[in-house]
Each structure stands twice: as structure tokens, then as C-alpha cells.
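A.B. asks: Before we start, here is the structure in question, set down as C-alpha cells.
The values are calculated or read from the model by the stated rules, or taken from the named source; none is laboratory data. None of the values given here were measured: they were computed from a predicted structure. Quick reminder, even Gly has a Cβ in these numbers, built from the backbone with ideal geometry, and neighbours come from all protein chains shown. The area values use the complete protein model at the heavy-atom level, side chains included, leaving out ligands, DNA and RNA. Shrake-Rupley method; radii C 1.70, N 1.55, O 1.52, S 1.80 Å.
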Amino acid sequence: MSDWKIQTAGDHIKGSFFCMASPCELLIDTTDPLVASHLTEQAAAEAFRIEQKFSRYRNDNIVFAINQAQGKSIAIDNETFQLLTFANSCFEISEGMFDITSGVLRRAWKFDGSDNVPNPETINQLLAFIGWDRVKFDQQKIKMPAGFEIDLGGIGKEYAVDCVAKLCTTLAPALSILVNFGGDIQVTQKRKEGKYWLVGIEMPAQDTSQTKNHDTKYNTVMVKIARGGLATSGDANRYLLHNGVRYSHVLNPQLGKPIMDGPRSVTIASDHCVQAGLMATLALLQGKQAEQFLIQQEVSYWCYW
């Protein structure tokens, strides 16, 4: 397991480690280093457990077994069943636009800032291996058509944030703790003495185009959080640029093509990080209608184009 560390930051202590390809931190409303060390160590262990269990980049976990099954049934535990159930809800709510089988499209689309747009034939071949509605699962097992894969990356980090926040609440029920995994955030409860946690969210600058090498310029928006979740979805640094057209990394799984003309970044505040993450992704999938969708959902949001 990677190293973790703590450091005093004024009236609280910050614990930090690296997991899920993201900087991870806890802001702990205490000045007791022993308490902060214990919480950070346990939080890191839980984050690494989830990463090891559900990452598609490993060849020794349940996701690898499912993806290599080639049409056979694979036994699953209750935690995996719960995640798949949530993914199924995402699929239904989004009318098929949020589909954890669509990760196979990464074989065609490489969002590296280049102009390498795949040809339609390559995309059409991959569409045959997308369709969560063709996957069967229950509390004991999952069965997918041969050649199908699942990718839980779209919900995994937010799920880990919520799990770590619940663990922290169990270990230190009297403390306010902010869990932040690469900008996906959950705050367990209000701070003592009525203070807020203050976090900075990087948003693409609205009044500037990209720099000459197409990197995005950012402004930092400061947000006060008392409790609840915050999550951001966007395509600021994952895109293609071809003949002056910018292709977002947010893909329509039914067409195998990027969502066009959508916002660059959407941040949602909700009760739980995983809910905020889902809503932010659903907004991006609406394209031009993203902000109208968010208004209809009556959620707190920041939307940048």
C-alpha cells in the first residue's frame, strides 16, 4: 500500500495519500495527530481495498473475472451486487446513456488532445459489445454476452469517497471530516463552532479560449461546505481536436460518438458524493440541454461552457 501522511493546517489536520490515479485527502476537524493518523491510515486502507477490488486495470479481481468470462456466469458478493444495482439504476434513469459496458469504446477513442478521430467502421464493430440491458445479474452471479466488459470507473471513485466518509463517521462520530478524492468530496457533518470547510474547484475559464497548445486555462471557485457531497465531471483535458472541432471524452454509448456542444465542466452539490457524481455525468450527457436538465432536477450546480 502506498504511503500516507498527515500535516497540521491551522485549526485542523490534513491526511493525504495517492489512490485511484488521484491525490486523496482528509481534512479532519481536530488538532490531535494520533486521531488524525488513525483516521488517515484507515481511510487509505479502505480506498486501496476498493481500488484493488474494482479497478479494470488489474488482473486479479472480480472485474477482471467478469470481463474474462466469455459468456459464463461469475459468482459475485453482496458489495459487487450493490454496485451493479446502482449501475443498473444509472442505466435506467439515463435511458441507456449511462452504460458501464461502454468502456470498450476506449479501444477506438484516444482522448489525448490529438486529431485522431476513429473511423465509423471501428466504432460500429464495438457497438456490438455495448448494452447493459443484455447483462443478467442477481445477488449471486452475473452473466454477460461473450466479448462484453464492465468498467466501474464512472462510479468507483465517488463510491469510494462515500465508503471512506461512512468509515470515518464510525471511527470518529464527533468529528467533521472532509473526504476529497481528486475533487470528489463528501463532508460527514458540520464543523465545530459553526465553521465551514472551504474548498477550491477548478473551472475552465469562460472568457478565454485554449492556449496555443490547447491546454485549458482555469479559474478557481471557492465553495463553502457544511455537510454533504460535491462532485465534478468535465472534459477540460480529455478531448480530440479535429478540423477545428472539439470532441469531448463524454461518449454517447448508443452511437459510440462524443456528446457535442455540452458544457466543459459541471459540479453538483448533493447529499452524497455518488449522487452528485451521477447527476454531473447525466448533465454532461445532455449536451446543449445540460443546464436545462439541471434546473429541472432542482439541484445546486455550477455549469461552465
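A.B. asks: For region 27-37, does any single residue satisfy the condition of being part of a loop (DSSP other than H, G, I, E, B), surrounded by 15 or more Cβ atoms within 10 Å (Cβ to Cβ), among the acidic types (Asp, Glu) and touching a residue at least 60 places away in the same chain (Cβ under 8 Å)?
C.D. replies: Yes, region 27-37 contains at least one residue that is part of a loop (DSSP other than H, G, I, E, B), surrounded by 15 or more Cβ atoms within 10 Å (Cβ to Cβ), among the acidic types (Asp, Glu) and touching a residue at least 60 places away in the same chain (Cβ under 8 Å).
A.B. asks: Hey, could you check region 161-188 for residues that are more than 18 Å from Lys14 (Cβ to Cβ) and not hydroxyl-bearing (Ser, Thr, Tyr) and say which is most open to solvent (accessible area, probe 1.4 Å)?
C.D. replies: The residue in question is Lys166.
A.B. asks: Among Asn88, Asn78, which is the only one that is at pLDDT 95 or above and either closer than 25 Å to Ser22 by Cα or within 17 Å of the chain's Cα centre (by Cα) (or both)?
C.D. replies: The match here is Asn88.
A.B. asks: Hey, another quick one. Quick check: anything in region 222-237 part of a loop (DSSP other than H, G, I, E, B), open to solvent by less than 50 Å² (accessible area, probe 1.4 Å), in contact (Cβ under 8 Å) with a residue 40 or more places away in the chain and among the acidic types (Asp, Glu)?
C.D. replies: Checked against the condition, which is being part of a loop (DSSP other than H, G, I, E, B), open to solvent by less than 50 Å² (accessible area, probe 1.4 Å), in contact (Cβ under 8 Å) with a residue 40 or more places away in the chain and among the acidic types (Asp, Glu), region 222-237 yields at least one hit.
A.B. asks: Filter region 164-214 down to the residues that are of a type in the set (Asp, Glu) and on the phi < 0 side of the Ramachandran plot, then identify the one that is modelled with the highest pLDDT.
C.D. replies: Once the filter is applied, the top-ranked residue is Asp184.
A.B. asks: Specify the residue that is farthest from Gly156 (Cα to Cα); the eligible residues are those in region 43-93 that are free of Cβ contacts under 8 Å to residues at least 60 places away in the same chain and assigned to a loop (DSSP other than H, G, I, E, B).
C.D. replies: This residue is Gln68.
A.B. asks: Follow-up question, since we're still on this one. Is it the case that region 265-287 has a residue that's exposed (fewer than 15 other Cβ atoms within 10 Å of the Cβ) and within 21 Å of Thr101 (Cβ to Cβ)?
C.D. replies: No; the residues of region 265-287 include none that is exposed (fewer than 15 other Cβ atoms within 10 Å of the Cβ) and within 21 Å of Thr101 (Cβ to Cβ).
A.B. asks: Scan region 115-154 for residues that are basic (Lys, Arg) and modelled with pLDDT under 95 and report the count.
C.D. replies: Total meeting the criteria: 0.
A.B. asks: Here's a follow-up. Condition first: at pLDDT below 90 and among the basic types (Lys, Arg). Now tell me which residues in region 221-241 satisfy that.
C.D. replies: Across region 221-241, the qualifying residue is only Arg238.
A.B. asks: Residues in region 282-293: is at least one in a loop (DSSP other than H, G, I, E, B) and either in contact (Cβ under 8 Å) with a residue 40 or more places away in the chain or within 22 Å of Asn116 (Cα to Cα) (or both)?
C.D. replies: yes
A.B. asks: What is the residue count in region 123-142 for residues that are surrounded by 14 or more Cβ atoms within 10 Å (Cβ to Cβ) and in a helix (DSSP H, G or I)?
C.D. replies: Residues that pass the stated criteria total 4.
A.B. asks: Can you find, within region 1-26, the residue that is most open to solvent (accessible area, probe 1.4 Å) among those that are part of a loop (DSSP other than H, G, I, E, B) and acidic (Asp, Glu)?
C.D. replies: Going through the qualifying residues, I end up with Asp3.
A.B. asks: How many of the residues making up region 94-111 are buried (at least 20 other Cβ atoms within 10 Å of the Cβ) and outside any loop (DSSP other than H, G, I, E, B)?
C.D. replies: 4
A.B. asks: Among the residues of region 132-153, how many are without any contact (Cβ under 8 Å) to a residue 40 or more places away in the chain and within 23 Å of the chain's Cα centre (by Cα)?
C.D. replies: 1
A.B. asks: Still on this structure: If I filter region 50-58 for residues that are open to solvent by less than 30 Å² (accessible area, probe 1.4 Å) and under 26 Å from Ile225 (Cα atoms), do I get at least one hit?
C.D. replies: There is at least one residue in region 50-58 that is open to solvent by less than 30 Å² (accessible area, probe 1.4 Å) and under 26 Å from Ile225 (Cα atoms).
A.B. asks: Which residues, counting only those in region 164-181, are under 13 Å from Leu26 (Cα atoms), assigned to a helix (DSSP H, G or I) and hydrophobic (A, V, I, L, M, F, W, C)?
C.D. replies: Result: Val164, Ala165, Leu167, Cys168.
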